[in-house]
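Student: Before we start, here is the structure in question, set down as structure tokens.
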Amino acid sequence: MSKNLVIVESPAKAHTIEKYLGNDFKVLASVGHIRKDTKVDKSTFDVTYEIDPGHKTIISELKKEAKAADKIWLATDEDREGESISWHLCEVLGLPKDTARITFHEITKPALENAIKNPRTVDMDMVSSQQARQTLDMLVGYDLSDIVRKKVPGAMSAGRVQSPALRLVVEREREIEKFESKSSFKITGKFDDFTANYDGTAPDNESDAGALIGKLINEKFIVEDVEEAEGEKANPVPFTTAALQIEANAKLGLSARSTMIAAQGLYQAGLITYHRTDSLNLSKQAVAAIAGYIENNFGKNYLKVRSFKTKDASAQEAHEAIRPTDINRTVAGKNDHEKKLYQLIWARTLATQMANAHVAKTTIKLSHDFSAKGEVVIFDGFLKVYGKSKDTELPKLTKGSAVEVAEIIARQTFAKPNARYTEGSLVKKLEELGIGRPSTYASIMTAIQTRGYVVKGESEGQDREIVELVAKNGKVERTIAKEKYGANKGKLIPTPIGELVAGFLTDNFKNIVDYKFTANIEKDLDLVADAKLERVKMLKDFYGPFRNTVLAAQGVERYNNARLLGHDPETGKAIYAKIGKNGGFIQLGDNEKETNEKPRFASLPKRKTVKTVTLEQALKQLALPALPRTLGTAPDGTELIAANGPFGPYLKGGKYNIPMKDFDPYTVTFEEALPLYQTKVDSIIADWGDIMIINGAYGPYAKGPGRFNNVRIPKDMDPKKVTLEQAKELLDKKPKTTARSKRSVRKKRKSTKS
């Protein structure tokens, strides 16, 4: 038996730590939280905890090993979540209050040995802060989600921190919708062997642009001034969690969630320091190692040792920035994401201790309001490993000298609105506003997308024609070029339901979506962690007014934001564009309660929203044939019917309902539908009525009656030889799953495809 039992939260972390501690230490994992909070007393804010059913076996093993060990060490992560896990372990395992609690910023032998020498006990102030956050999120989540589901069609839930994030995305979308993209003409001149820009007022129409460049091409150009100066490009600061997510999104295209998964893998393998941090500090030992690497590999002139201070006084989630544990290890990681992220962290860390880049900047000012700017890198410094180095050289010219103009170009340009948020830029904005903490950014990004309030755009943009005028040899020639605009690929776009939820919360729960209010709650949680504010007082001060707002909101009308498009020319009935639980739709006529006559419905045209659909388009949709719509008869005698349901368009063929995501049920032809039906029939290996064996996208499986009643056929069984009795047995013995776990499985499948 080992004399020492070390408990961490992750099996991967346990494996790495066990390599460094001797035979006297046994390392086990709690596999995250072993208890979950099930309810909160709204007057005392006492929390009821229950053992997580999936952790019963783990807890039994931990209890057994704890009894046998001479000493127990709690080594969960060093943030508040980790502190809370250690406290739950003490409570469930019956450990004394003076049980040794150790923390470390990196999983290395020196760090672990130092932690063992300097144990402490569980920090109950940090635990209280985590409990306060959890309680707050639970209370707000329950009350807010309940009212949102009742009042907003299609809404699933709402959260304390996710709601301001959703508001940011919606507000940016509204800015873009209101933006008027006016065009003007950018004028550039090609001189000898350089290009200069026109600094005068840009013409806003083709006629004026043509007249201006026609006049300028005949002018004499003189160098009026030459300005030369040397400057520096400052190196970057070390990575915090938010900065890592922002940079990984911009440079590697990783989502916040993917970044954190990769970073966690690197940390647990002992390759980087703790990845949830808002500190810019680097340890003295790390700086010395980095300095040695730079001097040995690049030379002393590339070295400039620096220390960095965190601006935010509340930065306390960790005590070091994210860096490699061994700067001499240039490549690391077990998969592509980890390797790319490690390379980014390695290069950024080196750059923080390297000399600034030196550049020579030149500005040439010409007559008639033209100027050219150039930059040449004299010394690349940190650009050697991080960033881009690009020279724009200008010729050596003297004041008063003449230059020859070859051509002058006027190109039509359109003003652009502020860009939609990416995950990276939204994290940056939340950090600027003080909303959320290092451990929460990824979950915020995930929550607003899995709830269906925000989606990532997929469009590469549309083509538009632009006018280009070229003045050359005394003539002005006109050509039409094409450019892409409106690309939204990878950008965050609110869905109609997301816009409704944001509007409802803004109208009825101003504090919940108020940026300053949400940031102040984060500050209060920091005060709780520092023992400067009592947990219950903090919760009472928030929950009392919040509960009153919830009660007041019970009386508001159902929130829909229906848009009146106009009236039907034949019947005079109103035509609306509305949002329901399954998205947007067209409605002809008013509600049945008011008119005693059922309204007619039609789906929105493809690529149209409640905001963009026109009356003419709505009338065309309403004129389409009624659904369900018979298409024809398959060779086996089955009638094929196109229909629309709560989960989108589908093809009905006998007892099979086949999704038709790529087809419009109003226009799909029999020839297009038949292959869908045939593919479905061919996938059925055996059919006993309520029970079938189907060859699906993830392999063969048995399907029983009802939704989600599926089980995979084991690899050692031939699906073509499975009997009805065997299929029943597989379905009976399959693991019990809740509706929540089913949704989780579907989300995981979606994330693996994206």
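The values are calculated or read from the model by the stated rules, or taken from the named source; none is laboratory data. Just so it is clear, the model here is predicted, and its values are computed rather than measured. Cβ: placed from backbone, ideal geometry, glycine included. Neighbour counts: every protein chain shown.
Student: Across region 505-537, which residue is nearest to I448 (Cα to Cα) among those that are free of Cβ contacts under 8 Å to residues at least 60 places away in the same chain and of a type in the set (A, V, I, L, M)?
Tutor: L527
Student: For region 581-603, give me each residue that is at pLDDT below 75 and either at positive phi or assigned to a strand (DSSP E or B) (or both).
Tutor: Residues of region 581-603 at pLDDT below 75: 581-583, 592-595.
Matches in region 581-603: G583 only.
Student: Looking at (1) outside any loop (DSSP other than H, G, I, E, B); (2) among the small types (G, A, S); (3) without any contact (Cβ under 8 Å) to a residue 60 or more places away in the chain, find the lone condition where A502 falls short.
Tutor: All conditions pass for A502, except number (3).
Student: Under the condition of being at pLDDT 90 or above and charged (D, E, K, R), which residue from region 1-17 is farthest from P545 (Cα to Cα)?
Tutor: Ranking the candidates gives K13 first.
Student: Now, a different point. Is one or more of the residues making up region 177-197 in a helix (DSSP H, G or I) and within 28 Å of G486 (Cα to Cα)? Before the answer, list the steps.
Tutor: Quick first cut of region 177-197, residues in a helix (DSSP H, G or I) only: 177-178.
Now drop any that are not within 28 Å of G486 (Cα to Cα), which leaves 177-178.
There is at least one residue in region 177-197 that is in a helix (DSSP H, G or I) and within 28 Å of G486 (Cα to Cα).
Student: Do we have A577 as crowded, with 16+ Cβ neighbours inside 10 Å, in contact with a Lys or Arg (Cβ under 6 Å, 6 or more places away or on another chain) and not charged (D, E, K, R) here?
Tutor: In short, yes.
Student: When you scan region 565-572, do you find a residue that is touching a residue at least 24 places away in the same chain (Cβ under 8 Å) and either within 33 Å of the chain's Cα centre (by Cα) or under 21 Å from A158 (Cα atoms) (or both), even just one?
Tutor: no
Student: For K606, are the conditions met, namely being in a loop (DSSP other than H, G, I, E, B) and touching a residue at least 40 places away in the same chain (Cβ under 8 Å)? Step through it out loud before you land on a result.
Tutor: Working: in a loop (DSSP other than H, G, I, E, B): yes; touching a residue at least 40 places away in the same chain (Cβ under 8 Å): yes.
It is true that K606 is in a loop (DSSP other than H, G, I, E, B) and touching a residue at least 40 places away in the same chain (Cβ under 8 Å).
Student: Let me ask you something else. Counting only residues that are assigned to a strand (DSSP E or B) and among the aliphatic types (A, V, I, L, M), how many does region 372-408 have?
Tutor: So the count comes out to 9.
Student: Cβ-Cβ below 7 Å, separation at least six or inter-chain, first residue in region 297-317 and surrounded by 12 or more Cβ atoms within 10 Å (Cβ to Cβ) and of a type in the set (A, V, I, L, M), second assigned to a loop (DSSP other than H, G, I, E, B) and modelled with pLDDT of 95 or more: which pairs?
Tutor: L303/Q353; L303/A355; V305/Q353
Student: When both residues are 6+ apart or on different chains and their Cβ atoms are under 9 Å apart, which pairs have a first residue that lies in region 13-42 and is in the same structural domain as K64 (by TED's automatic domain parsing), and a second that is loosely packed, with under 15 Cβ neighbours inside 10 Å and of a type in the set (K, R)?
Tutor: K19/K109; Y20/K109; L21/K109; D24/K3; F25/K3; K26/K3; K42/R547
Student: Inspect all residues belonging to region 68-86 and state whether any of them is outside the structural domain of T325 (by TED's automatic domain parsing), assigned to a helix (DSSP H, G or I) and touching a strand residue (DSSP E or B) at 6+ places or on another chain (Cβ under 6 Å).
Tutor: Checking region 68-86: at least one residue is outside the structural domain of T325 (by TED's automatic domain parsing), assigned to a helix (DSSP H, G or I) and touching a strand residue (DSSP E or B) at 6+ places or on another chain (Cβ under 6 Å).
Student: Any chance region 300-323 includes a residue that's of a type in the set (D, E) and over 24 Å from S84 (Cβ atoms)?
Tutor: No, there is no match, as no residue in region 300-323 is of a type in the set (D, E) and over 24 Å from S84 (Cβ atoms).
Student: If you check N710, N695, N657, which single one turns out to be within 35 Å of the chain's Cα centre (by Cα), surrounded by 13 or more Cβ atoms within 10 Å (Cβ to Cβ) and not assigned by TED's automatic domain parsing to the domain that holds K728?
Tutor: It is N657.
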